[in-house]
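**Student:** Structure in structure tokens, see below.
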Amino acid sequence: MALLPVSEAKSRLLGKASPVGTVETVALGEASGRVLAADLVARLTQPPFHASAMDGYALSASDASTVGAELSVIGTAAAGHAFEGTVGNGETVRIFTGAPLPEGTDSVLIQEDAEKLEGDRIRTRFEVTKGRHVRPRGQDFLEGETVLPAGTLLDFSHLTVAAAMNHPELPVYRRPRVAILATGDELVPPGATPGQAQIIASNTFGVCALVRDNGGEVLDLGIVRDRSADITAAIDKARAAKADVLVTLGGASVGDHDLVQATLKAAGMELDFWRIAMRPGKPLMVGALGDMHVLGLPGNPVASLVTSLLFLEPLIRKLAHLPERRREVQGITAHRLAANDQRQDYLRARLTRDRDGNLVAEAFEKQDSSMMKIFAHSGGLIIRPAHAPELPAGAPCPILLIRP
């Protein structure tokens, strides 16, 4: 099978993905970061009454149209404690922010503009206009109004208005379930003492974090040894959990010890493609096992992370009803870059800004796909298309941001 260009591989992967349609109801306090599955309609009117926007005196504007008007204070209204009577001509009620305007009033004189007189009376120091410092009933929203449309990615502002609309629970789309399986006799978990031919398994943690950061729910299947029976048992767990995506880490090539692809095929996987014209990340595998997407990532840590950014992230976001995250930007290269071969390169690079504000990318000298420290210190990846000519220092270059 010929090496597939990155753009074609991504298009084929996403072309077969459909957003998760299952809807679930979650408590309002748990809905941040979820996608609303139905229009959210206000269950009440806000404010539910004409309310004072300031501390002061509720009155009729006709009684205070000129400076120096004197009025009798006949009661008090506070938030949660309405004045029950009716305010007549020449009368006012002491009112506090958020309190309902008493019957017979239409405006508020703020307390700084009122002179207190003897005998529960005040004198106005400011001309009052009708509706002054009043929040009209329904100023924010009306009962029955659609305030949040379906598809809204819920954040702190949306949860605030949803609460005010009197919704204790919200209908949201289920998060995509992503099962992650690391394979290899050489792997042991962090904290263990590796044997003479073993290394610490690291890929799982970065991939899990990326899944969660993009709206997915992780099912960690752990580490399995290079035995078909063990791999099959893990695949069965993913199926039983009704995972939307199965991500395998390592073992997807066709060497004597690379059993993942063969085991998946034996389990019924339809292989779409594998081996991409990119560096790092050539041994990427894409297929389907029934309704479950299968994405086989390379075992090298950096190759695993780069392919996760390019393929796994957009897949999860499409499943999760989220827009694709735009990571690619334009910058300039800090130094000469050699001509490229038939594989698209992703060069780890430091990012800085020059005095003109241009994003400057300085590629690290060593680019081995096992070097995780360099990836952690990189701000982005310089994209070198297949067969790109030599690029002089200061030339424009596309950059994939690691941390957009």
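**Student:** Go through region 63-79 and give me each residue that's touching a residue at least 60 places away in the same chain (Cβ under 8 Å) and among the polar types (S, T, N, Q).
**Tutor:** Residues satisfying the conditions are SER65, THR66.
**Student:** While we're on this one: All but one of (1) of a type outside the set (Val, Ile, Thr); (2) modelled with pLDDT of 95 or more; (3) surrounded by fewer than 17 Cβ atoms within 10 Å (Cβ to Cβ) hold for GLU365; state the number of the condition that does not hold.
**Tutor:** (2)
**Student:** Please count how many residues of region 315-341 are farther than 21 Å from VAL35 by Cα and aliphatic (A, V, I, L, M).
**Tutor:** The qualifying residues number 6.
Okay, residues lined up against (1) of a type in the set (Lys, Arg); (2) touching a strand residue (DSSP E or B) at 6+ places or on another chain (Cβ under 8 Å):
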site	(1), (2)
PRO194	no, yes
THR204	no, yes
GLU217	no, yes
LEU221	no, yes
VAL224	no, yes
ALA229	no, no
ARG239	yes, yes
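**Student:** Is it the case that LYS116 is closer than 30 Å to ALA64 by Cβ, over 36 Å from the mean Cα position of the chain (by Cα) and in a strand (DSSP E or B)?
**Tutor:** It is true that LYS116 is closer than 30 Å to ALA64 by Cβ, over 36 Å from the mean Cα position of the chain (by Cα) and in a strand (DSSP E or B).
**Student:** Looking only at region 173-195, count how many residues are assigned to a strand (DSSP E or B) and surrounded by 22 or more Cβ atoms within 10 Å (Cβ to Cβ).
**Tutor:** Total satisfying the criteria: 8.
**Student:** From the list LEU347, LEU297, exactly one residue is modelled with pLDDT of 95 or more and either of a type in the set (Asp, Glu) or over 30 Å from ALA243 (Cα atoms) (or both). Which is it?
**Tutor:** LEU347
**Student:** Restricted to region 219-236, and to residues that are among the aliphatic types (A, V, I, L, M) and surrounded by fewer than 19 Cβ atoms within 10 Å (Cβ to Cβ), which residue is nearest to the chain's Cα centre (by Cα)?
**Tutor:** So, considering only residues that are among the aliphatic types (A, V, I, L, M) and surrounded by fewer than 19 Cβ atoms within 10 Å (Cβ to Cβ), the one nearest to the chain's Cα centre (by Cα) is ALA233.
**Student:** Here's another thing I want to ask about it. For region 377-385, check the following and say yes or no: at least one residue is under 26 Å from the mean Cα position of the chain (by Cα) and among the polar types (S, T, N, Q).
**Tutor:** yes
**Student:** Another question, then. Give the residues of region 116-158 that are over 22 Å from ALA53 (Cβ atoms) and crowded, with 18+ Cβ neighbours inside 10 Å, sorted by residue number.
**Tutor:** If the condition is that a residue be over 22 Å from ALA53 (Cβ atoms) and crowded, with 18+ Cβ neighbours inside 10 Å, then LEU148, THR152, LEU154, HIS158 are the ones that fit.
**Student:** Mind checking whether some residue in region 372-387 is more than 21 Å from PHE311 (Cα to Cα), touching a Leu at 6+ places or on another chain (Cβ under 8 Å), surrounded by fewer than 16 Cβ atoms within 10 Å (Cβ to Cβ) and not assigned by TED's automatic domain parsing to the domain that holds SER308?
**Tutor:** Within region 372-387, none of the residues are more than 21 Å from PHE311 (Cα to Cα), touching a Leu at 6+ places or on another chain (Cβ under 8 Å), surrounded by fewer than 16 Cβ atoms within 10 Å (Cβ to Cβ) and not assigned by TED's automatic domain parsing to the domain that holds SER308.
The values are calculated or read from the model by the stated rules, or taken from the named source; none is laboratory data. Everything quoted here is computed from the prediction, not taken from an experiment. Using ideal geometry, Cβ is built from the backbone for each residue, glycine included, and neighbour counts are taken over all protein chains shown.
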